[in-house]
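Report on one structure; see the data block that follows.
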Amino acid sequence: TALTAQNTNGVSAVMPVTPEFLNAQLEAVCAELKFDAVKIGMLFNEPIMDVVQSFLEKNSAPVVLDPVCVSKMGHKLIKDSAIERLKELMKFAAVTTPNLREADVLFGDDFTNLPCDVIVKKHIVAGKSIDTLYRKDGSVQNFETPLADPLVIIGAGCTFSSSLACLLARGESLESAIQQGKEYIYNAIITGIDTNLGVRKLLNHGVKF
């Protein structure tokens with residue numbers, strides 16, 4: 001839904017596609033394919049979100065919404081005016097997957113009256129990476145893996161939400177999908193692919209799922 005100008009140091013520009021073009025993309029794919037799950041990433045503005053909502057209203061597959069608001073380097077990836085609109089879209093999702101900065105922008109410290117289940121990614125506690133699932137029913141559950149070497153360039157959060165969608169499409173429960181997704185990301189980091197960017201590596205997406 002948008003093009004970004006970026007490198008390993010950050011995002012310098014964002015150019016959203018037009019709502020008309022996004023609608024054409026969705027119509028082309030829907031004319032040919034059946035969906036077992038939907039994963040949503042960066043949605044820059046309200047007109048784009050309006051098109052996505054029209055699609056979701058016709059969709060019955062589980063939806064994983066990765067609310068790409070703030071990158072892990074702190075760069076804003078959404079218009080400020082669109083944040084409340086993004087929260088409205090969450091009612092169509094099975095789960096949303098904010099990082100710590102995004103969770104603060106969207107929910108602050110209030111995880112009551114949620115529009116969907118929320119998994120907040122990567123609290124670091126005592127050498128462990130802990131993700132916390134806040135359920136719509138008020139229950140809370142933690143998922144943990146060992147803390148992997150964090151020196152990968154980008155993409156762990158996007159890959160995690162994509163893995164959740166894949167696992168939900170296979171019929172896994174949300175709890176099972178989260179734990180397996182975390183283990184997949186951990187293995188993708190520790191077997192990361194060397195680059196010419198010093199100690200920073202690329203995620204090994206080909207690691208066993």
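Scanning the range 175-209 for residues that are closer than 16 Å to VAL95 by Cβ and surrounded by fewer than 19 Cβ atoms within 10 Å (Cβ to Cβ) yields a total of 4. Contact annotation: no residue pair with Cβ atoms under 6 Å, 6 or more positions apart or on different chains, pairs a residue in the range 7-21 that is touching a residue at least 40 places away in the same chain (Cβ under 8 Å) and over 20 Å from ILE154 (Cα atoms) with a partner that is open to solvent by less than 40 Å² (accessible area, probe 1.4 Å) and not small (Gly, Ala, Ser). Close Cβ contacts (under 6 Å, 6 or more residues apart or on different chains) running from residues in the range 29-57 that are touching a residue at least 40 places away in the same chain (Cβ under 8 Å) to residues that are hydroxyl-bearing (Ser, Thr, Tyr) and open to solvent by less than 20 Å² (accessible area, probe 1.4 Å) comprise LYS39/SER161.
Please go through the range 158-172 and pick out each residue that is open to solvent by 40 Å² or more (accessible area, probe 1.4 Å) and of a type in the set (A, V, I, L, M). Of everything in the range 158-172, just one residue is open to solvent by 40 Å² or more (accessible area, probe 1.4 Å) and of a type in the set (A, V, I, L, M), namely ALA169. Scanning the range 82-96 for residues that are more than 21 Å from SER162 (Cα to Cα) and either of a type outside the set (D, E, K, R) or buried (at least 18 other Cβ atoms within 10 Å of the Cβ) (or both) gives ALA82, ILE83, ARG85. Scanning the range 72-123 for residues that are part of a loop (DSSP other than H, G, I, E, B) and of a type in the set (Gly, Ala, Ser) yields GLY74, ALA93, ALA94, GLY108.
The values are calculated or read from the model by the stated rules, or taken from the named source; none is laboratory data. A quick note: this is a predicted structure, and the numbers were derived from the prediction, not measured. Glycine also receives a Cβ, built like all others from the backbone with ideal geometry; neighbour counts cover every protein chain displayed. Side chains included, ligands, DNA and RNA excluded: accessible areas come from the protein's heavy atoms. Shrake-Rupley method; radii C 1.70, N 1.55, O 1.52, S 1.80 Å.
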